[in-house]
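Sharing a structure here in structure tokens format.
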Amino acid sequence: QVQLVESGGGLVQAGGSLRLSCTASGSAFSIAAMGWYRQASGEQRELVATITSGGRTNYADSVKGRFTISRDNAKNTVYLQMNSLKPEDTAVYYCNFALATLNYWGRGTQVTVSS
């Protein structure tokens, strides 16, 4: 069982920045793919960004150039730096851990962007 704890959400004005963090328990973090997903009210959960164990990244078109995903294997932590935030970025952001058939989710952290 892997536990994921997100932090860093909050309320920010449009154009502002936030950095989300997600720390994983256990010893498999460095070989897992990690990702950030988000779910706005009344919407389906969608991919925001992923990063492989080797550091290869992938982003949703809507956040390219504004968000950056990174990882620190020594701290078992994945980050999401969010710049130039827009009201449409408002959602609950979830951290994901994926390794072979293992798939775990955090409880989420709320990000609210005011216009």
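The values are calculated or read from the model by the stated rules, or taken from the named source; none is laboratory data. Predicted model, so just to flag it, every value in this text is computed and none were measured. In this analysis, Cβ positions are derived from the backbone assuming ideal geometry, glycine residues included, and neighbour counts consider all displayed protein chains. In case anyone asks, the SASA skips ligands and DNA or RNA and just uses the protein heavy atoms, side chains included. Shrake-Rupley method; radii C 1.70, N 1.55, O 1.52, S 1.80 Å.
Restrict the check to segment 70-81 and report whether at least one residue is acidic (D, E) and open to solvent by 30 Å² or more (accessible area, probe 1.4 Å). Lay out the reasoning, then the answer.
Just the residues of segment 70-81 that are acidic (D, E), to begin with: 72.
Those left that are additionally open to solvent by 30 Å² or more (accessible area, probe 1.4 Å): 72.
Taking every residue of segment 70-81 in turn, at least one turns out to be acidic (D, E) and open to solvent by 30 Å² or more (accessible area, probe 1.4 Å).
For the structure I just gave you, tell me whether Q110 is outside any strand (DSSP E or B) and either crowded, with 22+ Cβ neighbours inside 10 Å or out of contact with any Pro (no Cβ under 7 Å at 6 or more places or on another chain) (or both). Give the steps one after another, and end with the answer.
Values: outside any strand (DSSP E or B): no; either crowded, with 22+ Cβ neighbours inside 10 Å or out of contact with any Pro (no Cβ under 7 Å at 6 or more places or on another chain) (or both): yes.
So Q110 fails the test.
Please determine whether any residue of segment 3-15 is within 20 Å of T57 (Cα to Cα), acidic (D, E) and in contact (Cβ under 8 Å) with a residue 60 or more places away in the chain. If you could, list the steps in order and put the result at the bottom.
First, the residues of segment 3-15 that are within 20 Å of T57 (Cα to Cα): 4, 6.
Among the residues that remain, those that are also acidic (D, E) are: 6.
Narrowing further to those that are in contact (Cβ under 8 Å) with a residue 60 or more places away in the chain: 6.
So far as segment 3-15 goes, yes, one or more of its residues are within 20 Å of T57 (Cα to Cα), acidic (D, E) and in contact (Cβ under 8 Å) with a residue 60 or more places away in the chain.
Do you know which residues across segment 65-81 are more than 24 Å from S30 (Cβ to Cβ) and either assigned to a strand (DSSP E or B) or in contact (Cβ under 8 Å) with a residue 24 or more places away in the chain (or both)?
Answer for segment 65-81, where residues must be more than 24 Å from S30 (Cβ to Cβ) and either assigned to a strand (DSSP E or B) or in contact (Cβ under 8 Å) with a residue 24 or more places away in the chain (or both): there is none.
Tally time: how many residues in segment 9-19 are over 13 Å from T112 (Cβ atoms) and touching a strand residue (DSSP E or B) at 6+ places or on another chain (Cβ under 8 Å)?
So the answer is 2.
Inside segment 30-60, can you point out the residues that are under 15 Å from the mean Cα position of the chain (by Cα), under 20 Å from L85 (Cβ atoms) and not in a strand (DSSP E or B)?
A40, R45, A60
Continuing with the same structure: Among the residues in segment 62-83, are any in contact with an Asp or Glu (Cβ under 7 Å, 6 or more places away or on another chain), among the small types (G, A, S) and either at pLDDT 95 or above or over 16 Å from Q13 (Cα atoms) (or both)?
So far as segment 62-83 goes, no, none of its residues is in contact with an Asp or Glu (Cβ under 7 Å, 6 or more places away or on another chain), among the small types (G, A, S) and either at pLDDT 95 or above or over 16 Å from Q13 (Cα atoms) (or both).
Pick out the one residue from A14, A40 that is surrounded by fewer than 16 Cβ atoms within 10 Å (Cβ to Cβ) and touching a Pro at 6+ places or on another chain (Cβ under 7 Å).
Numbers: A40 fails: touching a Pro at 6+ places or on another chain (Cβ under 7 Å).
Within the list A14, A40, the selection yields A14.
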